[in-house]
1. Does segment 9-23 include one or more residues that are at pLDDT 95 or above and over 15 Å from residue 128 (Cβ atoms)?
2. Going by the conditions given, is residue 55 surrounded by 14 or more Cβ atoms within 10 Å (Cβ to Cβ), of a type outside the set (Ser, Thr, Tyr) and free of Cβ contacts under 8 Å to residues at least 60 places away in the same chain?
3. From 32, 73, grab the single residue that is of a type outside the set (A, V, I, L, M, F, W, C), farther than 18 Å from residue 112 by Cβ and either surrounded by fewer than 18 Cβ atoms within 10 Å (Cβ to Cβ) or touching a residue at least 40 places away in the same chain (Cβ under 8 Å) (or both).
4. Given (1) charged (D, E, K, R); (2) in contact with a Lys or Arg (Cβ under 9 Å, 6 or more places away or on another chain); (3) assigned to a helix (DSSP H, G or I), identify the lone condition not met by residue 103.
5. Look through 23, 13 and report the one residue that is on the phi > 0 side of the Ramachandran plot and surrounded by fewer than 21 Cβ atoms within 10 Å (Cβ to Cβ).
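The values are calculated or read from the model by the stated rules, or taken from the named source; none is laboratory data. Fair warning: this is a prediction, and the values are worked out from it, not measured in the lab. Here the Cβ is made from the backbone with ideal geometry for all residues, glycine too, and neighbour counts use every protein chain on show.
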Amino acid sequence: MPEDTLARTTRSGPGRLLIAVYGVFALAATARSAVQIATRFDQAPLAYLLSALAAVVYVLATVTLALGSRAWRRVALASCAVELAGVLAVGAISFLAPELFPDATVWSHFGSGYGFIPLVLPVLGLLWLRRTASAPRDLAT
């Protein structure tokens, strides 16, 4: 079975929608953090750097889910796990120590400003990677 068969599993069916949503979040978080850092970094440096981190994670997840080879799936798994940990940590800290976040990040309040999609997205990504992991494993990457 060709390697491309494994790659198609992460970008077929619901995977296409998942990649599209990640792509939208990658663009939005990148644009938001770039503007914030360029224009008002001194107002909330932690929040804006966390938004930039979120942007990097979203870009990485988008690309690696789209590529889907065994090696890239590992990176996608790691990026979704980092994203989930970030959303949970920043979400909790933004409630417990709101003074640290004078301006919101993508992950503040568990992504409430984005309809909690930042909280749900990595869970869906991890579930999708698990579901598509049953593809043949004897392929070289």
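1. no
2. Details: surrounded by 14 or more Cβ atoms within 10 Å (Cβ to Cβ): yes; of a type outside the set (Ser, Thr, Tyr): yes; free of Cβ contacts under 8 Å to residues at least 60 places away in the same chain: yes.
For residue 55, the condition - surrounded by 14 or more Cβ atoms within 10 Å (Cβ to Cβ), of a type outside the set (Ser, Thr, Tyr) and free of Cβ contacts under 8 Å to residues at least 60 places away in the same chain - is met.
3. That would be 73, the only listed residue that is of a type outside the set (A, V, I, L, M, F, W, C), farther than 18 Å from residue 112 by Cβ and either surrounded by fewer than 18 Cβ atoms within 10 Å (Cβ to Cβ) or touching a residue at least 40 places away in the same chain (Cβ under 8 Å) (or both).
4. (3)
5. Numbers: 23 fails: on the phi > 0 side of the Ramachandran plot.
Selected residue: 13, the only one of 23, 13 that is on the phi > 0 side of the Ramachandran plot and surrounded by fewer than 21 Cβ atoms within 10 Å (Cβ to Cβ).
Residue by residue, here is whether (1) buried (at least 20 other Cβ atoms within 10 Å of the Cβ); (2) part of a helix (DSSP H, G or I); (3) without any contact (Cβ under 8 Å) to a residue 24 or more places away in the chain holds:
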position: 49; (1), (2), (3): no, yes, yes
position: 77; (1), (2), (3): no, yes, no
position: 80; (1), (2), (3): yes, yes, no
position: 83; (1), (2), (3): yes, yes, no
position: 93; (1), (2), (3): no, yes, yes
position: 119; (1), (2), (3): no, yes, no
position: 129; (1), (2), (3): yes, yes, no
